[in-house]
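The values are calculated or read from the model by the stated rules, or taken from the named source; none is laboratory data. Computed from a predicted model, the values in this text were never measured in an experiment. Every residue, glycine as well, gets a Cβ built from its backbone with ideal geometry; the counts of neighbours run over all protein chains shown.
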Amino acid sequence: MTSANTVLQAIKPAGALDVGRIRADFPILNVEVNGKPLVYLDNAASSQMPKQVIDRLVRYQTSEHANIHRAVHALSEKATAEYEGARRKIRRFINAKEEREVIYTRGTTDSVNLVMQGYGRAFLGAGDEIIVSQLEHHSNIVPWQMLCEEKGARLRVIPCNDAGELLLDDYARLFNANTRFVAITHVSNALGTINPVKDMVATAHRHGVPVLVDGAQAVPHMKVDVQDLDCDFYAFSGHKMCGPTGIGILYGKAQLLEKMKPFEGGGDMILSVTFEKTTYNAIPHKFEAGTPPIAAAIGLGAAVDYLESVGLDRIAAHEHDLLTYATEAFTQLKGVRIVGTAGNKAAVVSFTLQGVHPHDVGTILNEDGVAVRTGHHCAQPVMQRFGIPATARASFYLYNTFAEVDVLIAGIRRVQKIFG
Amino acid sequence: MDSKQLYQEVILDHNKKPRNWGKLADASHKAEGLNPLCGDHIWLSLKLDDKRVENIAFEGEGCAICKASSSMMTTNVKGKTVAEAEQMVREFRDMATGKLDIGNLPNHLGRLTVFAGVRDLPSRVKCAILPWHTLQAALHSESVVSTEGDQDPVAAAS
């Protein structure tokens with residue numbers, strides 16, 4: 001341990017996150033908005049990127065770039081090694097059994113669509129049923145609706161209570177002889193509810209039904225072990241976990257991926273092509289047609305390195321403290337309703353102000369440099385469940401501070417004063 | 001710009017106490033306006049008499065900008081001819097999208113220029129324009145308009 005670390009250990013509780021040092025890693029946090037320091041509380045939409053990841057992208061692009069899996073020249077070998085090296089990191093990060101179970105996609109939405117196209121279209125038919133939850137993001141509803149429309153299958157919905165927690169008894173009762181697939185979110189993007197997906201996977205497996213978990217809001221914030229969850233598919237995005245946009249992951253159990261049809265045809269996903277017959281490549285390459293976003297994949301590997309160097313457990317503990325502090329502060333405010341009060345909750349505070357539309361809240365907070373998301377959060381069924389058109393949402397990450405929560409609360413008081 | 005410029009007293013007042021609120025029982029023209037991205041949703045009813053807006057009313061739900069814009073629109077177009085109302089629709093849209101310089105060009109917007117600040121807030125332009133877009137539709141007897149897709153008034157204006 002260096003002497004600097006020894007000093008830090010002495011003044012901070014053992015194992016706590018040193019947010020000041022974390023913040024120094026994120027150049028964008030020095031930006032000013034409307035003359036005020038940026039208070040970035042829109043992490044559930046997209047997180048910011050540390051210089052370690054930015055530098056990795058620059059190094060790749062300045063000294064390592066060529067197309068992968070193609071040529072015998074040095075740069076192609078180097079790019080291929082780094083691209084596959086990032087896959088190894090991601091396998092270890094989510095504890096997949098094998099690297100070939102880790103497929104690069106464009107993001108969570110792309111991952112869900114890959115499963116819908118490759119598994120759903122091949123194995124579901126008329127009269128079959130797909131279970132989703134009330135809390136899903138549109139990206140885990142619409143692909144399944146498209147499949148239902150095409151196949152004459154039916155969507156069933158797990159309801160939630162007033163706190164935004166899924167009703168597990170109702171979930172268990174949705175299964176019948178026609179149930180063929182379950183698609184559920186790990187963490188609700190609109191409310192922050194952490195669903196008990198391990199138990200929910202076990203329930204589905206007792207009925208012999210495979211499960212896809214949307215982990216877009218989970219992987220950035222908590223340790224996820226896909227073997228422990230025993231889910232059949234797990235989807236997440238790079239840009240919500242300090243990585244680049246345009247890259248995401250689909251984890252799938254090898255035996256399922258192997259029997260699936262390719263989603264897209266093209267280069268890299270084939271072994272041989274003649275005009276009579278094409279032989280597909282093995283997984284994961286079968287699902288990675290064309291030249292992928294190589295730099296973004298390597299950047300995602302660097303983001304994994306960064307998050308592991310900080311420690312997912314420490315990130316989760318810090319976010320939990322922020323959530324507790326923010327929830328307490330919101331509770332002190334009059335005329336504020338927190339939407340989503342699950343017992344097990346990620347660091348997301350979705351709220352409405354009496355008599356003020358969330359878009360007016362967002363516009364006024366923006367003047368204080370505070371970035372929150374306002375709207376339906378691509379989860380209109382959640383809004384419908386709570387009888388509201390929209391909420392404002394503050395979502396926290398490792399670099400957020402208690403002082404930033406104070407700026408948010410002061411901003412909300414200012415909104416209330418303006419709308420008196 | 002800051003909120004003092006956009007959220008002026010007149011806008012906050014119309015948001016809190018919208019004028020001409022409700023539905024006209026004897027409406028000759030109606031339209032529904034929807035901004036699906038933020039949930040602004042208004043219903044407009046008009047009574048036209050000899051090419052003049054004899055009466056107008058609106059109801060719905062939305063943000064302060066949308067509600068105040070709707071309310072002030074009703075007070076401003078009541079009694080105007082259809083041609084005058086349509087000219088105001090054009091001028092309001094051009095002001096909100098930054099194409100009409102209200103300081104230097106003659107216009108008929110009067111107090112409606114309090115909405116000029118939305119031109120600096122692209123995500124809020126549609127909130128201000130929605131009632132005017134809906135008025136245009138009602139005058140032409142289209143039943144439902146949206147601020148998205150083919151009917152996007154911001155795209156159409158650019």
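Name every residue in region B:74-124 that is farther than 23 Å from B:Arg52 by Cα and of a type in the set (Phe, Trp, Tyr), in order of residue number.
B:Phe115
Give me the residue from region B:28-43 that is out of contact with any Leu (no Cβ under 6 Å at 6 or more places or on another chain) and touching a residue at least 24 places away in the same chain (Cβ under 8 Å) and, out of that set, nearest to the other protein chains (Cβ to nearest Cβ).
Step one: of region B:28-43, the residues out of contact with any Leu (no Cβ under 6 Å at 6 or more places or on another chain) are B:30, B:32, B:34, B:36-39, B:42-43.
Filter once more, so that each one left must be touching a residue at least 24 places away in the same chain (Cβ under 8 Å): B:30, B:32, B:34, B:36-38, B:42.
Details: B:Lys30: 22, B:Glu32: 15, B:Leu34: 11, B:Pro36: 9, B:Leu37: 7, B:Cys38: 5, B:Ile42: 13 Å.
That would be B:Cys38.
Looking at (1) within 14 Å of chain B (Cβ to nearest Cβ); (2) over 25 Å from A:Tyr234 (Cβ atoms), which is the only condition A:Val39 fails?
Single failed check for A:Val39: (1).
Which count do you get for residues in region A:120-138 that are exposed (fewer than 15 other Cβ atoms within 10 Å of the Cβ) and in contact (Cβ under 8 Å) with a residue 60 or more places away in the chain?
Residues meeting the conditions: 1.
Give me a count of the residues in region B:44-79 that are among the charged types (D, E, K, R) and facing chain A (nearest Cβ under 10 Å).
To start, the set of residues in region B:44-79 that are among the charged types (D, E, K, R) comprises B:47, B:49-52, B:54, B:59, B:61, B:67, B:78.
After this cut, where a residue has to be facing chain A (nearest Cβ under 10 Å) as well, the list is B:61, B:67.
The number of residues fulfilling the criteria is 2.
In this structure, does A:Val209 turn out to be in contact with a strand residue (DSSP E or B) (Cβ under 6 Å, 6 or more places away or on another chain) and surrounded by fewer than 23 Cβ atoms within 10 Å (Cβ to Cβ)? Give the steps one after another, and end with the answer.
Numbers: in contact with a strand residue (DSSP E or B) (Cβ under 6 Å, 6 or more places away or on another chain): yes; surrounded by fewer than 23 Cβ atoms within 10 Å (Cβ to Cβ): yes.
Criteria met by A:Val209.
Taking only pairs six or more apart or across chains, which ones have beta-carbon atoms under 8 Å, a first residue in region A:383-409 that is farther than 25 Å from A:Ser309 by Cα, and a second residue that is of a type in the set (Lys, Arg)?
Sorted first by the residue in region A:383-409, then by its partner, the pairs are A:Ala392/A:Arg373; A:Arg393/A:Arg373.
Within region A:226-238, which residues are part of a loop (DSSP other than H, G, I, E, B) and closer than 18 Å to A:Tyr306 by Cα?
From region A:226-238, those part of a loop (DSSP other than H, G, I, E, B) are A:230-232, A:238; that's our starting set.
Matches in region A:226-238: A:Gly238 only.
Scan region A:334-364 for residues that are free of Cβ contacts under 8 Å to residues at least 60 places away in the same chain, within 12 Å of chain B (Cβ to nearest Cβ) and more than 25 Å from the chain's Cα centre (by Cα) and jot them down.
Answer for region A:334-364, where residues must be free of Cβ contacts under 8 Å to residues at least 60 places away in the same chain, within 12 Å of chain B (Cβ to nearest Cβ) and more than 25 Å from the chain's Cα centre (by Cα): A:His357, A:Asp360, A:Val361, A:Thr363, A:Ile364.
Starting from region A:180-193, take each residue that is not assigned by TED's automatic domain parsing to the domain that holds A:Ser133 and list its partners that are of a type in the set (A, V, I, L, M, F, W, C) and not in a strand (DSSP E or B), counting only C-beta distances under 9 angstrom and pairs at least six apart or across chains.
Sorted first by the residue in region A:180-193, then by its partner, the list stays empty.
Could you grab me the full set of residues in region B:130-143 that are away from chain A (no Cβ under 14 Å) and in contact with a helix residue (DSSP H, G or I) (Cβ under 7 Å, 6 or more places away or on another chain)? Full working, then the answer.
If we filter region B:130-143 for residues that are away from chain A (no Cβ under 14 Å), which is where we start, we get B:131-143.
B:Pro131, B:Trp132, B:His133, B:Leu135, B:Gln136, B:Leu139 - these are the residues of region B:130-143 that are away from chain A (no Cβ under 14 Å) and in contact with a helix residue (DSSP H, G or I) (Cβ under 7 Å, 6 or more places away or on another chain).
Give region B:77-131 a look and list any residue that's of a type in the set (A, V, I, L, M), surrounded by 15 or more Cβ atoms within 10 Å (Cβ to Cβ) and not in a helix (DSSP H, G or I), or say none. Step through it out loud before you land on a result.
Step one: filter region B:77-131 for residues of a type in the set (A, V, I, L, M), giving B:77, B:82-83, B:85, B:88-89, B:95-96, B:100, B:102, B:105, B:109, B:112, B:114, B:116, B:118, B:121, B:125, B:128-130.
Add one more test, that the residue is surrounded by 15 or more Cβ atoms within 10 Å (Cβ to Cβ), and what stays is B:77, B:82, B:85, B:88-89, B:95-96, B:100, B:102, B:109, B:112, B:114, B:116, B:118, B:121, B:125, B:128-130.
Correct list: B:Leu100, B:Ile102, B:Leu109, B:Leu121.
Taking region B:30-55 as the search range and keeping residues that are buried (at least 20 other Cβ atoms within 10 Å of the Cβ) and over 14 Å from the mean Cα position of the chain (by Cα), which one is modelled with the highest pLDDT?
Here the residue is B:Val53.
Quick one: count up the residues across region A:33-55 that are touching a helix residue (DSSP H, G or I) at 6+ places or on another chain (Cβ under 7 Å) and in a loop (DSSP other than H, G, I, E, B).
Residues flagged as touching a helix residue (DSSP H, G or I) at 6+ places or on another chain (Cβ under 7 Å) and in a loop (DSSP other than H, G, I, E, B) within region A:33-55 amount to 5.
So which residues in region A:401-414 are buried (at least 23 other Cβ atoms within 10 Å of the Cβ) and within 14 Å of another protein chain (Cβ to nearest Cβ)?
A:Ile412
Quick one: which residue in A:Glu319, A:Glu308 is closer than 30 Å to A:Gly343 by Cβ and either surrounded by fewer than 17 Cβ atoms within 10 Å (Cβ to Cβ) or of a type in the set (A, V, I, L, M, F, W, C) (or both)? Spell out how you get there, then give the answer.
Values: A:Glu319 fails: either surrounded by fewer than 17 Cβ atoms within 10 Å (Cβ to Cβ) or of a type in the set (A, V, I, L, M, F, W, C) (or both).
Being closer than 30 Å to A:Gly343 by Cβ and either surrounded by fewer than 17 Cβ atoms within 10 Å (Cβ to Cβ) or of a type in the set (A, V, I, L, M, F, W, C) (or both) holds for just one of A:Glu319, A:Glu308, which is A:Glu308.
From the set of residues in region A:216-243 that are touching a strand residue (DSSP E or B) at 6+ places or on another chain (Cβ under 8 Å) and without any contact (Cβ under 8 Å) to a residue 40 or more places away in the chain, which is nearest to A:Gln255 (Cα to Cα)?
Among them, the one singled out is A:Asp232.
Go through (1) within 12 Å of another protein chain (Cβ to nearest Cβ); (2) without any contact (Cβ under 8 Å) to a residue 60 or more places away in the chain; (3) within 29 Å of A:Asp18 (Cα to Cα) for A:Asp368 and report which single condition fails.
Only one criterion in (1) within 12 Å of another protein chain (Cβ to nearest Cβ); (2) without any contact (Cβ under 8 Å) to a residue 60 or more places away in the chain; (3) within 29 Å of A:Asp18 (Cα to Cα) is unmet by A:Asp368, namely (2).
Do we find that A:Leu155 is among the hydrophobic types (A, V, I, L, M, F, W, C), surrounded by fewer than 24 Cβ atoms within 10 Å (Cβ to Cβ), modelled with pLDDT of 95 or more and out of contact with any helix residue (DSSP H, G or I) (no Cβ under 7 Å at 6 or more places or on another chain) in this structure?
For A:Leu155, the condition - among the hydrophobic types (A, V, I, L, M, F, W, C), surrounded by fewer than 24 Cβ atoms within 10 Å (Cβ to Cβ), modelled with pLDDT of 95 or more and out of contact with any helix residue (DSSP H, G or I) (no Cβ under 7 Å at 6 or more places or on another chain) - is not met.
Given the conditions (1) of a type in the set (Phe, Trp, Tyr); (2) crowded, with 19+ Cβ neighbours inside 10 Å; (3) closer than 18 Å to A:Gly355 by Cα, and given that B:Phe58 satisfies all but one, which numbered condition is not satisfied?
(3)
Would you check if A:Thr109 is in contact with a Lys or Arg (Cβ under 9 Å, 6 or more places away or on another chain), modelled with pLDDT of 95 or more and hydroxyl-bearing (Ser, Thr, Tyr)? Don't jump to the end; show me each part of the working.
Working: in contact with a Lys or Arg (Cβ under 9 Å, 6 or more places away or on another chain): no; modelled with pLDDT of 95 or more: yes; hydroxyl-bearing (Ser, Thr, Tyr): yes.
So A:Thr109 fails the test.
Only residues that are buried (at least 24 other Cβ atoms within 10 Å of the Cβ), within 13 Å of chain B (Cβ to nearest Cβ) and assigned to a loop (DSSP other than H, G, I, E, B): list them for region A:380-400, please.
Passing the criteria: only A:Ala390.
Against the definition (over 30 Å from A:Asp368 (Cβ atoms) and among the β-branched types (Val, Ile, Thr)), how does B:Ile56 come out, yes or no?
Yes.
Count, please, the residues in region A:213-268 that happen to be more than 19 Å from A:Ala296 (Cα to Cα), surrounded by fewer than 24 Cβ atoms within 10 Å (Cβ to Cβ) and among the charged types (D, E, K, R).
Result for region A:213-268: 9.
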